[in-house]
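One structure below.
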């Protein structure tokens with residue numbers, strides 16, 4: 001595709017006959033061409049579209065969200081719902097098109113108007129439910145298309161994430177005991193589930209138990225079950241434990257470090273021999289299970305401190321998978337953010353988008369709670385943001401403060417103290433101006449008089 005091709009009248013005639021909108025931008029996100037249908041969908045002539053950046057078009061309300069921008073950020077095919085200034089609903093598919101002969105890239109977005117389809121198919125009050133169904137079906141199709149390449153649920157393009165996916169795919173087919181380690185919130189249960197789904201046991205049960213969430217006096221009976229009359233209050237028919245329920249499948253022991261020392265010999269027998277004795281029983285029972293354990297604790301240190309059995313540790317640690325913290329794979333934050341943005345927009349029937357500065361703040365935060373914290377953060381932002389566009393003023397103070405302190409330490413060496421302090425002051429003034437509805441409140445938040453605050457606004461040309 002040559003650039004002069006956009007001026008070819010045959011090109012125009014062909015694509016102007018399409019009922020779907022066609023929107024083409026360059027690799028920088030600048031609009032190059034759109035067909036007649038696209039101008040009608042957007043509600044503006046080409047003179048107000050061509051040559052403008054998609055951020056400007058989105059900020060001016062021509063469409064929300066910008067599919068072109070999402071494609072540029074994720075470098076993959078994007079399918080999403082789009083709303084334009086005409087308040088109609090569309091289904092947009094964005095593609096990254098690479099031209100090898102001259103090393104150029106374009107973003108092609110095909111937009112289908114589904115407003116009338118929804119209205120004609122269902123009553124108006126059921127329209128949102130139908131849109132949700134369409135969206136879920138599209139996500140299922142995308143998962144099916146990408147399943148051979150990698151799991152759709154384990155999101156990220158970083159080298160460490162790719163290595164993790166490769167290791168998971170290799171160990172899933174081998175029926176060995178696995179120990180997953182990593183900080184809280186990195187997705188250990190998700191990885192365990194993926195291993196089970198890609199193993200020979202995928203059609204059988206996947207049984208999960210959190211060893212730290214069940215009282216010690218109940219944990220043994222929950223795991224191994226009990227016989228009739230085993231203890232006061234026991235069911236007269238006995239009870240099948242989780243180990244037996246996992247027979248033929250996978251038993252996932254989360255937070256294994258919380259397992260009491262008194263139960264560790266019994267678990268060791270299960271790991272070694274795949275056999276156990278129910279509470280109150282006298283005969284061994286055998287099960288065919290695969291065991292996956294997980295912890296965020298330092299098990300070797302616990303072994304040294306005699307808080308975890310050494311023989312059990314080595315039996316569990318046949319294959320060890322260390323799941324990296326989110327701060328160690330910073331480049332995976334944008335795709336995760338947009339994944340949860342789409343997820344919770346659908347859940348709460350919102351159309352929230354992110355100011356580009358918000359993504360910068362999120363990438364500079366250390367995420368001590370990892371993916372779980374990020375997921376909760378995006379959900380909270382969508383629910384609590386006052387406007388459809390989430391801005392830095394919507395972010396919690398802990399994210400802004402941590403980034404500010406880290407930024408301060410790293411950047412001070414490159415400039416004089418007065419220059420750096422002026423930059424800090426300008427940034428604080430900008431944040432206050434965005435957060436508060438009046439200069440009086442903004443000044444109070446910074447401990448300034450209103451006149452002093454106004455002088456700084458003039459100084460920094462806000």
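The values are calculated or read from the model by the stated rules, or taken from the named source; none is laboratory data. Note that the structure is predicted; figures quoted are calculated from it, not measured. So basically every Cβ, Gly included, is an ideal-geometry build from the backbone, and we count neighbours across all protein chains shown.
Here are some notes:
- Residue check for residue 318: without any contact (Cβ under 8 Å) to a residue 40 or more places away in the chain, surrounded by 13 or more Cβ atoms within 10 Å (Cβ to Cβ) and over 19 Å from residue 184 (Cβ atoms): no
- Complete set of residues in segment 418-447 that are more than 24 Å from residue 386 (Cβ to Cβ) and part of a loop (DSSP other than H, G, I, E, B): 447
- Selection status of residue 277, assigned by TED's automatic domain parsing to the domain that holds residue 246, touching a strand residue (DSSP E or B) at 6+ places or on another chain (Cβ under 8 Å) and within 14 Å of residue 181 (Cβ to Cβ): no
- Total residues in segment 78-92 satisfying the condition of being under 21 Å from residue 157 (Cα atoms) and touching a residue at least 24 places away in the same chain (Cβ under 8 Å): the figure is 2.
- Options 69, 40; residue that is assigned to a helix (DSSP H, G or I), surrounded by 21 or more Cβ atoms within 10 Å (Cβ to Cβ) and in the same structural domain as residue 13 (by TED's automatic domain parsing): 69
- Total residues in segment 360-391 satisfying the condition of being modelled with pLDDT of 90 or more, in a helix (DSSP H, G or I) and either more than 16 Å from the chain's Cα centre (by Cα) or buried (at least 17 other Cβ atoms within 10 Å of the Cβ) (or both): the figure is 11.
- The residues of segment 43-66 that are closer than 17 Å to residue 112 by Cβ, in contact with a helix residue (DSSP H, G or I) (Cβ under 9 Å, 6 or more places away or on another chain) and surrounded by fewer than 19 Cβ atoms within 10 Å (Cβ to Cβ) amount to a single one, 64.
- Scan of segment 190-213 for residues that are under 21 Å from residue 263 (Cβ atoms) and surrounded by fewer than 17 Cβ atoms within 10 Å (Cβ to Cβ), ordered by number: 210, 212, 213
- Some residue of segment 256-264 being in the same structural domain as residue 177 (by TED's automatic domain parsing), under 23 Å from residue 202 (Cα atoms), touching a residue at least 40 places away in the same chain (Cβ under 8 Å) and surrounded by fewer than 16 Cβ atoms within 10 Å (Cβ to Cβ): no
- Residue match in segment 179-193 (condition: under 21 Å from residue 288 (Cβ atoms), at pLDDT 90 or above, part of a loop (DSSP other than H, G, I, E, B) and in the same structural domain as residue 279 (by TED's automatic domain parsing)): no
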